[in-house]
Amino acid sequence: MESRLSPPPNRSSVQRPTLLYALQRYWLVPVVLVVVLGALGAAVALARHPTYTAESLLVVGKVDVETPGLSGFVATTQSLASAYSRAVSTGAVVDPVSKELKLKPDEVSGQVSASPVPESPVFRISADGSSKRKATDLANATSRSLVRYIGNINRSSARESQTLTDLKLALVELNRLQDRRDQLQAAERRTPTTAARTALAQAEADVQTTQLKTKSLSTAYQASQSQPSTNLVQILSPARSATSDRGQRLQIYVFLGVVFGLILGIALARLMANRAALAAARVAVRGNSG
């Protein structure tokens, strides 16, 4: 009579099956979910309208057509490629492109980027578009606008004179800041307080900032002296085609679908195995009570 009144087993008292057993028993669950979610990810990627990217190459300096590779470039222009590549986001470059292609300036700046090629005077301009033609047109229009902009700011001798003046002023400022830093170093050695260390750190930062400014002005002045300014930047290779991101997106979406399907399938297989073990324990208890 007492056996009939035995309480049913609870979840904590039932020995849970191992994950390996759950996967062996319900292996079809993760397999199905991996296939289904992977296919769903592929469907989403294929349904998404692709984005096309076109790329043009620009070079700072002249190209020596008789010398293969990049050996004919003026050495001093290498450090200017990074600075000029950042100019693609300026209004003087963006506005003419927006008028030419009938786009909003925000659309142009949001779809165009530039980056220098390491250790060379070459930098690339990348443009995105909803079609190959739109992407290539945007990349080439931006390249032409940037060439015109850089030519304009470097064309006159007044610009060269201003660069030299700025360089001289920067050198004077650098000497003043270095003297101040040296004085603060001596004061900090005599009285090593927190305030002295803070002032010395700020002075060192000011010196480094002015050194970078001086180096940039010096490079710009040397480049203006070594070649005609109107040829300072040239289009090395215009954009002729564009690549689609559909293949890359397809791989990413399918991978995410497979990963989520595998995780969800393992969790469901474990849950089903636990429920089966609990149901079997309940049946055993009922049999014993009978």
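Computed with a 1.4 Å probe on the full set of protein chains, the accessible area for Y84 sits at about 30 Å².
What ranking do 164-176, 102-114 get when scored by the average of other Cβ atoms within 10 Å per residue, highest first? Each step should come with its number before you reach the end.
On the way: 164-176: 14.4, 102-114: 16.2.
Averaged packing, sorted descending, gives the order 102-114, 164-176.
Net charge of the neighbourhood of L171, taken over other residues with C-beta under 14 Å away and scored Lys/Arg +1, Asp/Glu -1, is +1. When the surface is traced with a 1.4 Å probe over the full set of protein chains, T90 keeps roughly 50 Å² accessible.
Exposure check, 1.4 Å probe, all protein chains in place: I235 carries approximately 70 Å² of accessible surface. Normalising the average separation of contacting C-alpha pairs (under 8 angstrom, six or more residues apart) by the number of residues puts the relative contact order of the stretch 89-161 at 27 percent. In order along the stretch 96-101, the Karplus-derived 3J(HN,Hα) couplings, from 6.51 cos²θ - 1.76 cosθ + 1.60 at θ = phi - 60°, round to x, 5, 5, 6, 5, 9 Hz, and Gly and Pro are given as x.
M272: net charge of surrounding residues, Cβ under 13 Å, Lys/Arg +1, Asp/Glu -1, itself excluded?
Here the count lands on +4.
Please compute the net charge surrounding D137, taking Lys and Arg as +1 and Asp and Glu as -1 over other residues with Cβ under 14 Å from its Cβ. The answer is +3.
The values are calculated or read from the model by the stated rules, or taken from the named source; none is laboratory data. These figures come from a predicted structure and were not determined experimentally. Cβ: placed from backbone, ideal geometry, glycine included. Neighbour counts: every protein chain shown. Just the protein is used for accessible areas: all its heavy atoms, side chains included, with ligands, DNA and RNA removed. Shrake-Rupley method; radii C 1.70, N 1.55, O 1.52, S 1.80 Å.
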